[in-house]
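Student: The structure's right below; bear with me while I get my questions together.
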Amino acid sequence: MQRIGGLLLFLPVPIVLFLFTRQPLGALPSLGLGVVLVLTHRLYARPWALARASRRCLWCGSPAAGAGVPLVVEEPPGRTEWRACAGAHHASLARTLGWAAARRVFLAVGILGTLALFLALAVAAGRAVPWLKADDAVAAFRLGVAVTVLPFGWLAPARGPTEGPSGRLPFPLHIQALVGTVWVLWLFRLVGLWWLAAGLLYLWQRLAG
């Protein structure tokens, strides 16, 4: 049941990406609803994740990691303690978070900077800047996110420091805790490759056309 609960609480993440990239309600309503979901998600997802942090594996999402290895980290909201299954899961989690902490500026600028740029371009498209299309903003968003999450998804579990993070992380961990870090990394890898290809193809077609 904990896995189902975490998955349900994770659903706003893909919904936001759908609203931003597809804009099914129209530009401004879709963007507005997406921003509301982003701002409110932490209010219910983080308490749920923290309440189970002492028994769920932050790497795989298993609800039976209470006897696992604790990992104390500095998140943007403050210091927290999480658990991971002993052995390979704890090692992979430590390397992943260590990689992220060592590159917190890159990840923060890549994700938050891309989001801010996307929202500005999406609002300006067709209005303040007549030649700018909504698809231009989406392509920029996809490319910015892709070049940020692809190195994280592929390199962090293997190349991060084995001792774990030595500084503050660039992001809170409750989203990873909902489904497991390993599954979030696979989403970064697969969606990142898709978005990179789609963004480059759109850019080539836009310049060619």
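Student: Pro76 versus (1) farther than 13 Å from Ala177 by Cα; (2) modelled with pLDDT of 95 or more: which is the lone unmet condition?
Tutor: With (1) farther than 13 Å from Ala177 by Cα; (2) modelled with pLDDT of 95 or more applied to Pro76, the lone miss is (2).
For (1) of a type outside the set (Val, Ile, Thr); (2) buried (at least 21 other Cβ atoms within 10 Å of the Cβ); (3) more than 17 Å from Leu196 (Cβ to Cβ); (4) touching a Pro at 6+ places or on another chain (Cβ under 7 Å), each residue gets a yes or a no:
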{"position": "Ala101", "(1), (2), (3), (4)": "yes, no, yes, yes"}
{"position": "Arg104", "(1), (2), (3), (4)": "yes, no, yes, yes"}
{"position": "Ala108", "(1), (2), (3), (4)": "yes, no, yes, yes"}
{"position": "Ile111", "(1), (2), (3), (4)": "no, no, no, no"}
{"position": "Ala122", "(1), (2), (3), (4)": "yes, yes, yes, no"}
{"position": "Ala139", "(1), (2), (3), (4)": "yes, yes, no, no"}
{"position": "Val145", "(1), (2), (3), (4)": "no, yes, no, no"}
{"position": "Leu155", "(1), (2), (3), (4)": "yes, no, no, no"}
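Student: Next question, about the same structure. Among the residues in the range 148-170, are any of a type in the set (Asp, Glu), part of a helix (DSSP H, G or I), touching a residue at least 24 places away in the same chain (Cβ under 8 Å) and out of contact with any Cys (no Cβ under 7 Å at 6 or more places or on another chain)?
Tutor: Restricting attention to the range 148-170, the residues satisfying the condition of being of a type in the set (Asp, Glu) are 163.
After this cut, where a residue has to be part of a helix (DSSP H, G or I) as well, the list is none.
Looking for residues that are of a type in the set (Asp, Glu), part of a helix (DSSP H, G or I), touching a residue at least 24 places away in the same chain (Cβ under 8 Å) and out of contact with any Cys (no Cβ under 7 Å at 6 or more places or on another chain), one finds none in the range 148-170, hence no.
Student: Still on this structure: Restricting attention to the range 13-58, and to residues there that are polar (S, T, N, Q) and either over 26 Å from His89 (Cα atoms) or touching a helix residue (DSSP H, G or I) at 6+ places or on another chain (Cβ under 6 Å) (or both), which single residue is surrounded by the fewest Cβ atoms within 10 Å (Cβ to Cβ)? Write out each step before concluding.
Tutor: Initially, the range 13-58 is screened for residues polar (S, T, N, Q), giving 21, 23, 30, 40, 54.
Pick out the ones that are also either over 26 Å from His89 (Cα atoms) or touching a helix residue (DSSP H, G or I) at 6+ places or on another chain (Cβ under 6 Å) (or both) and you get 21, 23, 30, 40.
Numbers: Thr21: 20, Gln23: 19, Ser30: 20, Thr40: 11.
Only one residue tops the list, namely Thr40.
The values are calculated or read from the model by the stated rules, or taken from the named source; none is laboratory data. It should be emphasised that the depicted structure is a prediction, and the values quoted were computed from it without experimental measurement. All Cβ positions, even for glycine, are placed from backbone atoms using ideal geometry, and neighbour counts span all protein chains on display.
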